Amino acid sequence: MSAAYSFGTQVAEVEVDTETGTVKVTRMAMVHDCGQPINEMLMEGQLEGSAIGGVGHALTEEMVRKDGQTMNPSFLEYRMPTSLDACKMEIHHTETVDPVGPFGAKESGEGIQVAVVPAIVNAICDATGVPFKRIPVTPDVVWSALKAKASQEG
(Lines give C-alpha, C1' and ligand atoms only; values in the text may rest on other atoms or scores of the structure.)
Protein backbone atom coordinates (compact mmCIF):
# COMPACT_ATOMS: atom_id res chain seq x y z
CA MET A 1 0.00 0.00 0.00
CA SER A 2 1.12 3.50 -0.73
CA ALA A 3 -0.08 6.71 0.78
CA ALA A 4 0.63 8.69 -2.38
CA TYR A 5 -0.39 7.36 -5.80
CA SER A 6 0.78 8.93 -9.02
CA PHE A 7 -1.22 9.45 -12.18
CA GLY A 8 -0.19 9.53 -15.80
CA THR A 9 -1.02 8.82 -19.39
CA GLN A 10 0.85 7.88 -22.57
CA VAL A 11 0.54 8.09 -26.31
CA ALA A 12 2.57 5.78 -28.56
CA GLU A 13 3.54 6.04 -32.21
CA VAL A 14 4.43 2.81 -34.01
CA GLU A 15 5.58 1.55 -37.38
CA VAL A 16 4.17 -1.79 -38.55
CA ASP A 17 5.88 -3.83 -41.27
CA THR A 18 2.93 -5.50 -42.99
CA GLU A 19 5.20 -8.05 -44.71
CA THR A 20 6.65 -9.44 -41.46
CA GLY A 21 4.29 -8.21 -38.73
CA THR A 22 7.18 -6.52 -36.93
CA VAL A 23 6.18 -3.55 -34.78
CA LYS A 24 8.60 -0.79 -33.80
CA VAL A 25 7.67 1.86 -31.27
CA THR A 26 9.06 5.09 -32.73
CA ARG A 27 7.89 7.64 -30.18
CA MET A 28 6.13 7.90 -26.85
CA ALA A 29 4.79 10.93 -25.09
CA MET A 30 3.81 10.79 -21.47
CA VAL A 31 2.36 13.12 -18.90
CA HIS A 32 3.03 12.15 -15.32
CA ASP A 33 1.95 13.57 -11.99
CA CYS A 34 4.48 12.42 -9.41
CA GLY A 35 3.67 15.21 -7.01
CA GLN A 36 6.61 17.46 -6.21
CA PRO A 37 9.72 16.05 -7.97
CA ILE A 38 12.60 15.62 -5.53
CA ASN A 39 15.20 14.59 -8.14
CA GLU A 40 13.94 15.37 -11.64
CA MET A 41 16.69 13.51 -13.51
CA LEU A 42 16.11 10.36 -11.45
CA MET A 43 12.35 10.66 -11.96
CA GLU A 44 12.76 10.92 -15.75
CA GLY A 45 15.03 7.86 -15.72
CA GLN A 46 12.38 5.93 -13.79
CA LEU A 47 9.71 6.94 -16.30
CA GLU A 48 11.86 6.02 -19.31
CA GLY A 49 12.72 2.64 -17.78
CA SER A 50 9.08 1.90 -17.03
CA ALA A 51 8.09 2.87 -20.57
CA ILE A 52 10.66 0.44 -22.03
CA GLY A 53 9.41 -2.25 -19.64
CA GLY A 54 5.91 -1.62 -20.99
CA VAL A 55 7.23 -2.06 -24.54
CA GLY A 56 8.39 -5.52 -23.47
CA HIS A 57 4.99 -6.37 -22.00
CA ALA A 58 3.24 -5.19 -25.15
CA LEU A 59 5.51 -6.67 -27.83
CA THR A 60 7.93 -9.37 -26.74
CA GLU A 61 7.72 -10.82 -23.25
CA GLU A 62 5.86 -14.11 -23.28
CA MET A 63 6.31 -17.29 -21.27
CA VAL A 64 5.93 -20.20 -23.68
CA ARG A 65 4.87 -23.47 -22.06
CA LYS A 66 4.31 -26.94 -23.51
CA ASP A 67 3.12 -29.86 -21.40
CA GLY A 68 3.95 -27.94 -18.23
CA GLN A 69 7.51 -27.22 -19.38
CA THR A 70 8.76 -23.66 -19.92
CA MET A 71 10.12 -23.55 -23.47
CA ASN A 72 11.91 -20.20 -23.16
CA PRO A 73 13.61 -20.41 -19.74
CA SER A 74 16.55 -18.09 -20.40
CA PHE A 75 17.04 -14.55 -21.64
CA LEU A 76 18.20 -15.97 -24.97
CA GLU A 77 14.63 -17.08 -25.71
CA TYR A 78 12.59 -14.77 -23.45
CA ARG A 79 13.15 -11.46 -25.15
CA MET A 80 13.12 -8.35 -23.01
CA PRO A 81 13.68 -4.92 -24.53
CA THR A 82 17.14 -3.39 -24.34
CA SER A 83 18.47 0.10 -24.97
CA LEU A 84 18.37 -0.76 -28.67
CA ASP A 85 14.57 -0.93 -28.44
CA ALA A 86 14.29 2.53 -26.87
CA CYS A 87 12.43 5.17 -28.80
CA LYS A 88 12.19 8.93 -28.62
CA MET A 89 10.34 9.89 -25.45
CA GLU A 90 8.70 13.13 -24.48
CA ILE A 91 8.10 13.50 -20.77
CA HIS A 92 5.82 16.20 -19.47
CA HIS A 93 5.21 16.86 -15.80
CA THR A 94 2.18 18.09 -14.05
CA GLU A 95 3.16 18.95 -10.51
CA THR A 96 0.84 18.71 -7.57
CA VAL A 97 1.76 18.60 -3.94
CA ASP A 98 0.63 15.47 -2.16
CA PRO A 99 0.19 16.18 1.56
CA VAL A 100 0.98 12.56 2.49
CA GLY A 101 4.11 11.99 0.36
CA PRO A 102 7.59 13.01 1.49
CA PHE A 103 8.12 16.70 0.60
CA GLY A 104 4.88 16.47 -1.43
CA ALA A 105 6.21 13.71 -3.72
CA LYS A 106 4.47 10.60 -5.09
CA GLU A 107 5.96 7.51 -6.68
CA SER A 108 7.31 7.66 -10.19
CA GLY A 109 8.07 4.77 -12.46
CA GLU A 110 5.94 1.74 -11.80
CA GLY A 111 2.61 3.54 -12.04
CA ILE A 112 3.41 4.86 -15.50
CA GLN A 113 3.97 1.34 -16.89
CA VAL A 114 0.26 0.52 -16.65
CA ALA A 115 -0.77 2.82 -19.53
CA VAL A 116 2.14 1.94 -21.84
CA VAL A 117 0.68 -1.38 -23.01
CA PRO A 118 -2.74 -0.07 -24.11
CA ALA A 119 -1.08 2.94 -25.75
CA ILE A 120 1.07 0.64 -27.90
CA VAL A 121 -1.69 -1.88 -28.64
CA ASN A 122 -4.08 0.93 -29.61
CA ALA A 123 -1.40 2.45 -31.86
CA ILE A 124 -0.99 -0.92 -33.61
CA CYS A 125 -4.76 -1.12 -34.07
CA ASP A 126 -4.80 2.41 -35.45
CA ALA A 127 -2.01 1.55 -37.91
CA THR A 128 -3.46 -1.77 -39.08
CA GLY A 129 -7.20 -1.50 -38.54
CA VAL A 130 -7.04 -4.75 -36.53
CA PRO A 131 -7.87 -4.87 -32.79
CA PHE A 132 -5.70 -7.10 -30.60
CA LYS A 133 -7.07 -8.59 -27.40
CA ARG A 134 -3.98 -10.39 -26.05
CA ILE A 135 -0.39 -9.49 -25.34
CA PRO A 136 2.32 -9.67 -26.34
CA VAL A 137 1.49 -8.55 -29.86
CA THR A 138 4.33 -10.48 -31.49
CA PRO A 139 5.17 -10.35 -35.21
CA ASP A 140 3.45 -13.68 -35.88
CA VAL A 141 0.27 -12.45 -34.17
CA VAL A 142 0.28 -9.23 -36.24
CA TRP A 143 1.08 -11.07 -39.47
CA SER A 144 -1.70 -13.63 -38.90
CA ALA A 145 -4.22 -10.90 -38.08
CA LEU A 146 -3.29 -8.93 -41.21
CA LYS A 147 -3.57 -12.08 -43.33
CA ALA A 148 -7.02 -12.86 -41.85
CA LYS A 149 -8.15 -9.27 -42.45
CA ALA A 150 -6.98 -9.43 -46.09
CA SER A 151 -8.83 -12.70 -46.70
CA GLN A 152 -12.05 -11.25 -45.23
CA GLU A 153 -11.77 -8.15 -47.41
CA GLY A 154 -10.86 -10.04 -50.57
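Run the numbers on the chain and let me know its relative contact order in percent, using alpha-carbon pairs under 8 Å that are six or more apart.
With pairs under 8 Å counted, the relative contact order is 38 percent.
Any idea which of T70, V25, S50 is furthest toward the positive side of the dipole for region 3-105, if Lys and Arg beta-carbons carry +1 and Asp and Glu beta-carbons -1?
About the Cα centre, the residue reaching furthest to the positive side is T70.
Select from G101, V130, M80 the residue farthest towards the positive end of the dipole of region 75-154; place +1 on Cβ of Lys and Arg, -1 on Cβ of Asp and Glu, and compute about the Cα centre.
V130
Using a 1.4 angstrom probe on the protein heavy atoms only, line up V55, V11 by accessible area, largest first.
V11, V55
Note down the magnitude of the dipole of region 86-154 about its Cα centre, charges +1 on Lys and Arg C-beta and -1 on Asp and Glu C-beta and zero elsewhere, to the nearest 20 debye.
380 debye
Kindly report the accessible area of the chain per residue (heavy atoms of protein chains, probe 1.4 Å, no ligands, DNA or RNA), in Å².
61 Å²
Which of the lysines could a cross-linker span from K24 if the Cα-Cα distance has to be under 24 Å and same-chain partners fewer than 8 positions apart are dropped?
Cross-link targets: K88, K133, K147, K149.
Out of all DSSP beta bridges in region 1-148, what portion is antiparallel? Express it as a percent rounded to 5.
Percent antiparallel among DSSP bridges in region 1-148 is about 70.
Please state the equivalent ellipsoid semi-axes for region 104-147: what are the square roots of 5 times the Cα gyration tensor eigenvalues, largest first, in whole Å?
Output for region 104-147: semi-axes of 29, 10, 6 Å.
Sorted by accessible area (1.4 Å probe), largest first, how do R134, R27, R65 line up?
R65, R134, R27
List, in order, the whole-Hz ³J(HN,Hα) value for each residue of region 68-83 obtained from phi through the Karplus relation with A = 6.51, B = -1.76, C = 1.60 and θ = phi - 60°; use x for Gly and Pro.
x, 9, 6, 8, 10, x, 10, 6, 6, 9, 8, 8, 9, x, 10, 4
Amide H of V14: which non-local residues (sequence gap of 5 or more, or other chain) have their own amide H closer than 5 Å, using H built in the peptide plane?
T26
What is the packing order of peptides 90-98, 34-42, 75-83, taking the mean over residues of other C-beta atoms within 10 Å and listing the highest first?
Per-residue Cβ counts within 10 Å, averaged per peptide and sorted highest first, yield 34-42, 90-98, 75-83.
Would you mind telling me the share, in percent, of accessible area of the chain contributed by carbon and sulfur at probe 1.4 angstrom?
56 percent
log10 I(q)/I(0), Debye, Cα-only region 4-154, no solvent, q = 0.09, 0.15, 0.18, 0.20 Å⁻¹?
So the normalised log intensities are -0.35, -0.81, -1.02, -1.15.
The values are calculated or read from the model by the stated rules, or taken from the named source; none is laboratory data. Only a predicted model underlies this, so the values are computations on that prediction, with no experimental measurement involved. Here Cβ is always computed from backbone atoms with ideal geometry, including for glycine, and neighbour counts include all displayed protein chains. Remember, those area values only see protein heavy atoms, side chains included, never the ligands or the DNA or RNA. Shrake-Rupley method; radii C 1.70, N 1.55, O 1.52, S 1.80 Å.
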